[in-house]
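Some notes on the structure that comes next.
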Amino acid sequence: MSIEHVPAVAARSYWDLVWQRFRRDRGALWSLVFIVLLILVAFIGAPVAAYFLGHGPNEPHFGLETFTPVGPWTYVPGASGQDLLILGGDDATLQRDEFLRLLYGAQASLEVAVGAMIISMSLGVLLGAVAGYFGGWIDSAISRLTDVVMAFPYLLFVIALASTVGSRIDNITFGFLGNGVLTLILVIGLFGWFYPARIVRAQVLSLREKEFIEAARMVGASDARIIRSHLLPHLVAPTIVYSTVIVAQYILAEAGLSFLGLGIKLPTASWGNLLQSGATYYLNQPLLMLWPGLAVLLTTLAFNLLGDGLRDAFDPRSSR
């Protein structure tokens with residue numbers, strides 16, 4: 001075959017190869033679809049559902065002669081007629097819409113998880129990169145700070161914060177956050193950066209000895225430029241992978257703290273306090289524990305499967 005008849009081969013970029021490997025993982029792909037749909041349902045579908053149902057997630061329904069929450073698909077007297085509670089009421093006293101509270105609870109859980117992830121990953125990547133690149137006393141100081149944060153009992157800090165200035169911080173919403181969301185974002189984010197810092201530090205310790213870093217030093221590049229332009233691009237893959245994993249961890253952390261009464265405070269809905277209120281009626285209405293429990297389970301599973309798929313897509317050797 002002559003040279004002019006050789007078919008042209010399209011060049012593929014690094015991100016093209018990553019996407020090609022990622023889309024072969026059906027579990028990770030469906031997890032990504034689930035997460036996108038969850039975000040759309042939580043932040044767009046919840047207000048739309050409240051509009052068509054004619055009542056909000058915190059609107060009580062009084063006057064019901066029952067000692068247990070009403071069951072799914074029940075019509076109850078509301079402010080403007082009969083209100084439909086698709087998944088029933090959340091408790092026997094207020095009978096708020098469990099379906100709407102589940103949707104709005106997804107907003108609070110995702111806001112806490114994503115907000116805390118941004119803070120912890122930003123601090124972790126910055127401190128880990130600085131410690132790994134400079135070494136010496138800077139590395140020692142950051143490593144000792146990391147050890148202190150790892151040993152700090154943040155649950156006791158949450159309890160102390162909730163009993164002192166927690167109520168004032170809980171009311172800071174910036175116009176779009178739920179009550180209590182900012183408190184959990186700050187606490188979880190400020191006490192969760194040590195794992196990303198250790199991962200990034202280990203990566204930078206290896207990268208700083210590479211030839212391209214030595215070449216950058218020889219041409220007179222500053223330390224800040226080397227970190228920004230040569231080290232951080234190589235940290236994109238582990239940062240993305242670990243971000244998806246810790247979002248799942250932070251959703252579980254928010255659910256656990258809210259279940260204990262230390263997280264999102266009522267009447268703001270979250271999956272954790274829905275589990276807490278549902279536990280009161282587990283004999284009469286076990287479905288009240290099933291719905292938020294399934295939401296937490298499926299969401300954390302989706303983020304973990306997405307993280308595994310991204311890890312294999314960025315580093316094919318990790319799946320062998």
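Observations, loosely collected:
- Among the residues of the range 247-268, those that are surrounded by 21 or more Cβ atoms within 10 Å (Cβ to Cβ) and either farther than 20 Å from Leu103 by Cβ or in contact with an Asp or Glu (Cβ under 8 Å, 6 or more places away or on another chain) (or both) comprise Ala253, Leu257, Leu262, Gly263, Ile264.
- Criterion applied to Gly178, Gly192 was being closer than 19 Å to Ile119 by Cα, at pLDDT 85 or above, of a type outside the set (S, T, N, Q) and not in a helix (DSSP H, G or I), and the one residue passing it is Gly192.
- If you go through the range 133-173 and pick out every residue that is at pLDDT 85 or above and surrounded by 14 or more Cβ atoms within 10 Å (Cβ to Cβ), you end up with 9.
- Of everything listed in (1) among the small types (Gly, Ala, Ser); (2) in contact (Cβ under 8 Å) with a residue 40 or more places away in the chain; (3) surrounded by fewer than 18 Cβ atoms within 10 Å (Cβ to Cβ); (4) not in a helix (DSSP H, G or I), the single unmet condition for Ala237 is (4).
- Candidates are the residues of the range 44-92 that are among the polar types (S, T, N, Q) and touching a residue at least 12 places away in the same chain (Cβ under 8 Å); the one that is nearest to Asn284 (Cα to Cα) is Thr68.
- Residue match in the range 209-232 (condition: farther than 15 Å from Ala108 by Cα, modelled with pLDDT under 85, under 23 Å from the mean Cα position of the chain (by Cα) and not charged (D, E, K, R)): yes
- Filter pass, Tyr250 being closer than 27 Å to Phe34 by Cα and not β-branched (Val, Ile, Thr): yes
- Condition broken by Phe212, with the remaining ones in (1) touching a helix residue (DSSP H, G or I) at 6+ places or on another chain (Cβ under 8 Å); (2) in contact (Cβ under 8 Å) with a residue 24 or more places away in the chain; (3) not small (Gly, Ala, Ser) satisfied: (2)
- The C-beta contact set for the range 281-297 (first residue within 13 Å of Asp90 (Cβ to Cβ), second residue of a type in the set (D, E, K, R) and part of a helix (DSSP H, G or I), distance under 8 angstrom, 6+ apart or interchain) comprises Leu288/Glu98; Trp291/Glu98.
The values are calculated or read from the model by the stated rules, or taken from the named source; none is laboratory data. Only a predicted model underlies this, so the values are computations on that prediction, with no experimental measurement involved. So basically every Cβ, Gly included, is an ideal-geometry build from the backbone, and we count neighbours across all protein chains shown.
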